[in-house]
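Student: After the structure tokens below, expect a handful of questions from me.
A short reminder: the numbers here are calculations on the coordinates, not readings from a lab. Just so it is clear, the model here is predicted, and its values are computed rather than measured. Note that we place each Cβ from the backbone using ideal geometry, even for glycine, and neighbour counts take in every protein chain shown.
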Amino acid sequence: MSILSAVSFNWKVNVLGKAFLRFERRRGEWKMRKPYKKQNPNLAPLLKSVPYLKELISTHYLHGRYADTHKKVAWVTSGAPVEILKALDYFTLYPENHGAVCGVRRQVVELSGVAENMGYNRDLCSYARGDLGSVVSGKTPVGRLPKPDLLFCCTNICQTVMYWYQVLADHFKVPLIMIDTPFIYDKVTEHEIEYVKKQLEYAIATAERVAGKSISLKQYKKVGIYAKDAVLLWNEILDLCKHRPSPISAFDQFFYMAPIVDMRGEDHAVKFYTQVIAEVKQRIADGVGAVTNERKRLLWDNLPIWYEVRRFAEVLAEKGYCIAASTYTHAWGGDMKHIIESIDTTKDDMDYLLSMLASAYLHAILNQSSGYKLNVMLKMVKEYDLDGVILHNNRSCKPYSLGQIDQRDRLMNEYGIPTILLEADHNDPRSFSEEQAMNRLAAFIEIVENKK
Amino acid sequence: MDATIPSRQKVMKDHKDAGGFTAAVFPIHYPRPLFRAYNVLPVEVWGPPKADPHLWEAHLQTYTCSVIRNGLSFFIAGGLDGVDMLVVPHCCDTLQGLGSILQNYLPQNKRVLTLYIPRDSREIDINYLAREMKILSGRIGEVTGTELDESKLIKCIDEEDRSNAIVGRMFQQRTQLSCSDREFYEIIRSREYLPADAFITLVEGFMARAKNQDGGRIPVVISGIIPEPMDIFNSLNGIGLTVVGDDLFTTGRRIYSRSDSTDPWTRMSEMIIKGPPDSTRGNFLTNRVKYLVDLTKESGARGVIFYHVKFCEPEQFYYPALKKGLENAGIPSVLVEAEIGDPLPGQVVTRLEAFKEVIS
């Protein structure tokens, strides 16, 4: 980076940008001191940490806007072992998170249209379509996305990312690292861990070549500690939702999970979640629930319907329903959390640390069988004391959705848990019928109410 | 063309009667020789066209491909009751889901064996798949109650190499064979259930008899998943097109090359991993484009027909790059979609007729 571009970057991002975003955060926090006139009486006021979250995300995208002028940039999938890139000081951008931003801002139809005109079928994942449309058109609600020097995907969330990132690699003409995680039908074996570990070794070599420097054990461990701490803090926040009334709902969690995705391995995420925990505990102490009159508690399975999050929160809250837990926000929970928790970060042994990294990422919920996911849901229903389950039958996510029909049948018929299969698409509103969804939701609520 | 192809049911019955085992294998890539070495006849399940379309609805969403939907219906209807095991190679998210559904939810008295196919072709991937095959071998042994005879395995791999070579030769000599595309494909697709030696004998007999193509049809390449309904070939020939190059999952993409390794596990692994570029194995777009352009040029085809099954994500993702790559090479292409079990839509035929005009 030249001196001029370094000065320019620091001026725009670290001086002007940071000051502006800090001011915006303070302004937001100040505004929150007064009661919000349009506050929905069925929902708790916004969490006080919302302006902090906004600052964090905006700073991330602000960095992203200029990142390619001063450091190496990698585009990464949400379930990828990003720790090795963070240790090499890459700026990491998550197209899925960007996709969610596009979804919330309702820009997906336009962006997807660009990809569809190129020949990408509308049946493909709407994250991928929106992202490819954004890449080709240059349109994005976050101003500008930095050009990647490296693409890094991991198939532990789906095979789609492999195809999607290949298209990106072809478009940007940059190296693609793919960590191929064999799907776990039963239990993770040494054979699979060894395979993923070897791929991580290949990945490090490529990432080092692109970064022009070598990974240091010290830096890797530092990143690992941040990642581990963030995962454990995030899980603690989710665990606090076992309290009645639940201090935050899954609709809050959907937005609050951004740092665990985007900033895993950074101190920002640790600081943020530490503050959030304090606030959530205070809510519990004050008897504040995410839904003011929480009567029933539900589980949400699959990704949120990004363009309808608020609406669903309001409709359910009106009936006294709180979605206290979600398999999606628990993606860093379960087996994965236990493995991350067990990592001995004091060990100066890269071989050991890579084995643990391989094991943790193999255990992603989406990389395990439908039966495993059913058991996770049953455990959550019990632990969170839930009254029903909403399975978002997500047209854009086959790995998450296939098996849901049987899961619904088991939950209802074998375990007597009211369950609904709600058809939608996480990002494309063209595959969502509001009327049909609300009718189904009303019928589901009736079943929950009638259950003794 | 006068080639008598024994029916699937008869082949399975004969094999069982002779004391053998049978395995129903879902798409796409798997080690045929390994099953045969255990005296297991692998019979592929490519979404049988006559399966009851309603049975899958209790387990699968409408946005899954008909290959898997029909395969599941066929299984639920009892079509696979006679087999000793089910095999689900992991080749896409839908097959992944199917494997889970079969293992976790559907009551049955037979084992569901899975196999993960790596998405790259480095040495670690070859070694990984070889190890996967060894694990699979142990599971087949558990079902059959027999142990693997490695010399028999090597013999079966040799036979499979011959089988691959003869299919390759069929395509090379396609323009000299006087038969319809449908007859040609009925022969080739019998490989989905015939023992290797029976298949080789069948093809050799066919090749000896089928000579002197009458010509006159415009040569094309077909790319996609599966040539179902097979009426597609009647339509193609009817409008004056003939398939000379194949880039289908069922056929062309499983003409595996011979491996030089002396280790049978590595041979089987390399066979699959070093096969023709394929979307489900994650081969790079550039490799797929080059392969398809070369196949078209080498076969003398004047265009490419993308024959897709709806909701096949791997193929849908590669299509725009393939189309563009072909365009850059001056090769016209057309995309048509069909569903297994449905009659060939008239719209498809109309598009193919229009395509013929373009490449005439």
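Student: Per residue of B:90-102, count partner chain C-beta atoms within 10 Å of its C-beta, then hand back the mean as an integer. Spell out each step's value before the answer.
Tutor: Details: counts 4, 1, 6, 13, 4, 3, 12, 10, 2, 5, 13, 7, 1.
Going residue by residue through B:90-102 and averaging, the value is 6.
Student: Moving on. Determine the shielding of peptide B:110-123 by partner chains: average, over its residues, the number of Cβ atoms on other chains within 10 angstrom of each Cβ.
Tutor: Taking all residues of B:110-123 together, the mean is 3.
Student: Give me the inter-chain shielding for B:308-320: mean count of other chain Cβ atoms within 10 Å, whole number please.
Tutor: On the way: counts 1, 0, 2, 4, 2, 10, 4, 2, 7, 13, 3, 4, 9.
Mean number of neighbouring Cβ atoms from other chains: 5.
Student: Along the Cα-to-Cβ line of B:Asp81, 7 Å from the Cα, sits a label point; which residues in region B:50-64 have backbone N less than 19 Å from it?
Tutor: Taking a point 7 Å out along Cα→Cβ of B:Asp81, the residues of region B:50-64 whose backbone N falls under 19 Å are B:50-56.
Student: Would you compute, for the Cα atoms of region B:1-112, the largest minus smallest coordinate along each principal axis and list the three values in descending order, in whole Å?
Tutor: Answer, in whole Å and largest first: 38, 33, 24 Å.
Student: Right, something else. Stretched out fully, how many nm does the piece from B:Glu353 to B:Lys290 gain, at 0.36 nm a residue minus the Cα gap? Numbers along the way, then the final one.
Tutor: Details: separation 63, 0.36 × 63 = 22.68 nm, distance 2.67 nm.
Length difference between fully extended and current span is 20.0 nm.
Student: So, in Å, what gap is there between the alpha-carbon centers of region B:51-100 and region A:232-252?
Tutor: The distance from the Cα centre of region B:51-100 to that of region A:232-252 comes to 38 Å.
Student: Further, regarding this structure: If R0 is 56 Å, what FRET efficiency do you get for B:Arg8 and A:Asn14 from their C-beta distance, rounded to 0.05?
Tutor: Working: r = 69 Å, r/R0 = 1.24.
Approximately 0.20, to the nearest 0.05.
Student: Turning to a different aspect of this structure: Take the Cβ-Cβ distance between B:Asp17 and B:Lys152 as r, set R0 to 25 Å, and report the resulting FRET efficiency rounded to the nearest 0.05.
Tutor: Details: r = 20 Å, r/R0 = 0.82.
With R0 = 25 Å, the Cβ-Cβ based efficiency is 0.75.
Student: Still on this structure, please answer the following. Obtain the nm distance between the two label points defined at A:Lys173 and B:Asp260 by a simple spin-label model: each point lies 7 Å from its Cα along the Cα-to-C-beta direction.
Tutor: Rounded to a tenth, the inter-label distance reads 3.3 nm.
Student: Put a dot 7 Å past each Cα toward the Cβ at A:Glu449 and A:Arg311; how far apart are the dots in nm?
Tutor: It is 2.2 nm.
Student: Using only the Cα atoms of region B:229-360, what are the Rg and Dmax in Å?
Tutor: 16.0, 51
Student: Modelling each spin label as a point 7 Å along the Cα-to-Cβ direction, I'd like the B:Glu123/A:Ile284 distance in nm, to one decimal.
Tutor: 5.3 nm
Student: When the helix-only estimate is applied to chain A (DSSP H runs of n ≥ 4, each -39,500 (n - 2.57), divided by the residue count), what is the mean residue ellipticity at 222 nm, nearest 500 deg cm²/dmol?
Tutor: On the way: 20 runs with 239 residues, N = 452.
When only DSSP H runs of four or more count, the value is -16500 deg cm²/dmol.
Student: In the protein assembly as shown, what is the volume of the convex hull around the alpha carbon atoms, normalised per residue and reported in Å³? Don't skip to the end; give the middle numbers.
Tutor: Working: hull volume 133.3 nm³, N = 812.
It is 164 Å³ per residue.
Student: So what are the radius of gyration and Dmax for the Cα set of chain A, in Å?
Tutor: Using the Cα atoms of chain A, the pair Rg, Dmax is 21.5, 70 Å.
Student: Another question about this same structure. Using r as the Cβ-Cβ distance of A:Glu318 and A:Lys213, and R0 as 51 Å, what FRET efficiency do you calculate, to the nearest 0.05? Don't jump to the answer; show the numbers that get you there.
Tutor: Numbers: r = 55 Å, r/R0 = 1.08.
In this case the efficiency is close to 0.40.
Student: Oh, and also: Scale the Cα Rg of chain B by the rule-of-thumb value 2.2 N^0.38 Å and send over the ratio, two decimals.
Tutor: On the way: Rg = 19.7 Å, N = 360, 2.2 N^0.38 = 20.6 Å.
Dividing the Cα Rg of chain B by 2.2 N^0.38 Å gives 0.96.
Student: A further question follows. Order the peptides A:335-347, A:318-330 from the highest to the lowest mean number of other Cβ atoms within 10 Å of their residues.
Tutor: For the peptides A:335-347, A:318-330, the packing ranking is A:318-330, A:335-347.
Student: A further question follows. Taking the Cα centre of region B:1-56 as the origin, how large is its charge dipole in debye, to the nearest 20, when only Lys and Arg (+1) and Asp and Glu (-1) carry charge on their Cβ atoms?
Tutor: Numbers: 7 positive and 5 negative charges, 20 e Å.
Computed charge dipole of region B:1-56: roughly 100 debye.
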